[in-house]
1. Enter the accessible area of F53 (Å², nearest 10), with the probe set to 1.4 Å and all protein chains included.
2. Roughly how many Å² is the accessible area per residue of the chain, as a whole number, for a 1.4 Å probe?
3. Treat each spin label as a single point 7 Å out from the Cα along the C-beta direction, and report the A8 to A188 distance in nm.
4. May I ask for the net charge around G128, where only other residues with Cβ less than 9 Å from the Cβ of G128 are counted and Lys, Arg are +1 while Asp, Glu are -1?
5. Within 10 Å, count the other beta carbons around each residue, average over each peptide in 74-81, 126-133, 168-175, 230-237, and list them highest first.
6. Enumerate the calculated ³J(HN,Hα) couplings along the stretch 218-225 in order (Karplus 6.51 cos²θ - 1.76 cosθ + 1.60, θ = phi - 60°), each rounded to whole Hz, writing x wherever the residue is Gly or Pro.
7. Assuming 0.36 nm per residue, please report the length gained on full extension of the stretch T176 to Q16 beyond their Cα-Cα distance.
8. If you stretched the chain out fully between T105 and E165, how much longer would it get, using 0.36 nm times the residue separation minus the C-alpha to C-alpha distance?
Amino acid sequence: MGTMLQAADPSLEDFQQLEGCNEVLNVTRPDIVRSVHEAYFAVGVDCVETNTFGANFAALAEYDIAGRVGELSEAGARIAREAADAFTGRDGRQRWVLGSMGPGTKLPTLGHIDYTTIRDGYQANAEGLLAGGADALLVETTQDLLQTKAAVLGARRAMETIGVEVPLLCSLAFETTGTMLLGSEIGAALCALEPLGIDMIGLNCSTGPAEMSEHLRYLARHARIPLLCMPNAGLPILTADGAHFPLGPEGLADAQEGFVREYGLSLVGGCCGTTPEHLRQVVERVRGLVPAGRDP
């Protein structure tokens, strides 16, 4: 999402002088945001994520616009909803909108922010996403289990407040060290989060699919809920021009087909560095596959 928005070369005025705050484009340049969703729907995906990865209290507070969490969340969901409904209208195949709830920039376990503030911020984030028409809420790229719990419980409070029940998905970010940023292992994460009543668990970001395999194997054996995986296009390599992602579309498609066949994943996609062509090949490879049976 971020690289495709930047490729459209939005102006500082488009950012309302808040350079890099992609969520502001939901209000100022919905055409750019919609074009990203359309590029992915056009290659056959079933779901897109809203442009709301940073529409949470911690991230927006850094731009001094924490009070706009709900507004920018709702606007992002509405854009994705309109794109999804337009594609459904063309061929009758249902498309879904996943409301993205990113990790923010503060880790409550390290005392960067207090729990109540971050939880209430996520509730506002989720309320906006639901008001904008999100079909599910995706707590993603989480690095701190306390932050993850705050987001999950904020999402639950939002559903109770609005009176709407939607699937709640949770996607964790694991480092090359084999743990989350603050040291939690996959078993600890599953043990902490599954009892909160989430509907799906999995991994995204940080690494490519190769580094996720053992974590997914663990989840396949022990998780009692469906699994998801959205890897980067390989382990990022830092170059003079920024991060380079070495895994091509065929490599991502190979990995995701393997995960569906071996570990019974239900939802697969792509994170950093993955393009519409990456997802086109994933769709081509997994469309019609039946996930492997699991007996956790």
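1. Solvent-accessible area, nearest 10 Å²: 90 Å².
2. Working: 12380 Å² over 296 residues.
That works out to 42 Å² for each residue.
3. Rounded to a tenth, the inter-label distance reads 4.0 nm.
4. Numbers: positive: none; negative: E71, E74, E127.
With Lys, Arg at +1 and Asp, Glu at -1, the neighbours total -3.
5. Numbers: 74-81: 26.1, 126-133: 24.4, 168-175: 22.5, 230-237: 20.9.
Most protected by this proxy first, the peptides run 74-81, 126-133, 168-175, 230-237.
6. Karplus-based 3J(HN,Hα) across the stretch 218-225 equals 4, 4, 4, 7, 10, 6, 9, 10 Hz.
7. On the way: separation 160, 0.36 × 160 = 57.60 nm, distance 3.68 nm.
Extending this stretch completely gives an extra 53.9 nm.
8. On the way: separation 60, 0.36 × 60 = 21.60 nm, distance 2.78 nm.
18.8 nm is the gain from fully extending T105 to E165.
The values are calculated or read from the model by the stated rules, or taken from the named source; none is laboratory data. All values derive from a computational prediction rather than experimental measurement. We place every Cβ from the backbone using ideal geometry, glycine too, and count neighbours over all the protein chains shown. Calculation scope for accessible area: heavy atoms of the full protein, side chains included, ligands and nucleic acids excluded. Shrake-Rupley method; radii C 1.70, N 1.55, O 1.52, S 1.80 Å.
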